[in-house]
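One structure is given here, and the rest of the page talks about it.
Bear in mind these aren't lab numbers, they're just calculated from the coordinates by the rules spelled out. None of these values were measured; they are calculated from a predicted model. Neighbour counts run over all protein chains shown; Cβ positions are idealised from the backbone, glycine included.
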Amino acid sequence: MAGPLGRDFFARPTVQVARSLLTCRLVVDRGTVDEVVATLVEVEAYLGLRDPASHAYRGPTPRAGIMFGPPGHLYVYLSYGIHHCANLVCEDHGTAGAVLLRAAAVERGEEVVRERRGSGLARVIPVPDLLRGPGNLCRGLGIALGDNGLDVCSATSRVEVWEPAVRSRVAVARGPRVGISAATERPLRFAVRGHPAVSRPAL
DNA sequence: CTGCCGATCGCCT
DNA sequence: GGCGATCGGCAGC
């Protein structure tokens, strides 16, 4: 792996960032016993003030304000009162944009993820399902509201994003975003075509 | 202060 | 394919 992505990577148009985040690695709690490395295989772009499906559509409210701040920070929120969803803030300071992390493939730290997903379940979770879906991804990586605002470009952050040393040429599938009721026609969902960790519905 | 509703998930039919 | 769980943000009164 080459190293953590810097702020310049995120200070670009959100759609570009979303696309290029595919095959990048999420590195959580690096250097600890809880270290997890996972490859991003599915993301969605949310375009701020010009996107009615974005939480930033109504401007810098207390919750969405983080998306108007500097790029390279986490925006985490609670969905349906149960699950957490994590986004990476994009664009320059003052412009809202974010990429929702929808699914990743576990490369390292499978046991840690498995513990967080719940050991008392009736059935054993298949490996590709461990971080499949935005809620499951947050749960498996231990990301919650306390991580909201985290600077992933900081050396001390428990969450980092790394670019792979060799960018493999994967086919990128593109389609409508999941679970929204506004701007459903925009193809702002991106995924590694055919990867088993991509959530439903399949692209 | 109240009421609505959601960038979801897993179990049930 | 349907639905219940569960709670914070936000708009409106």
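So for segment A:1-116, Kirkwood radius off the Cα pairs, Stokes-Einstein at 10 °C and 1.306 mPa s: how many µm² s⁻¹? D, rounded to a whole number, is 107 µm²/s.
In plain terms, the C-alpha convex hull of segment A:96-185 casts an average shadow of 8.7 nm² when viewed from every direction.
Under conditions of 4 °C and 1.567 mPa s, chain A yields 77 µm² s⁻¹ as its translational diffusion coefficient, taking Rh as the Kirkwood radius over Cα pairs in the Stokes-Einstein equation. Modelled spin labels at A:His93 and A:Arg193, positioned 7 Å past Cα toward Cβ, are 4.1 nm from each other.
Computed from phi, the 3J(HN,Hα) profile of segment A:160-166 under the Karplus parametrisation 6.51, -1.76, 1.60 (θ = phi - 60°) reads 10, 10, 10, 8, x, 4, 10 Hz, with x in place of Gly and Pro. Taking a sphere under 11 Å around the Cβ of A:Gly97 and counting the other residues whose Cβ falls inside, with K and R at +1 and D and E at -1, yields a net charge of -1. Which Cα, out of A:Thr95, A:Gly72, A:Gly31, lies furthest along the positive dipole direction of segment A:1-105 (beta carbon charges, K/R +1, D/E -1)? So the residue furthest toward the plus end is A:Thr95.
Among A:168-175, A:152-159, A:133-140, sorting by the average number of other beta carbon atoms lying within 10 angstrom of each residue, highest first, gives A:133-140, A:152-159, A:168-175.
Per residue, chain A reaches -3500 deg cm²/dmol at 222 nm when only DSSP H runs of four or more residues are counted, each adding -39500 (n - 2.57).
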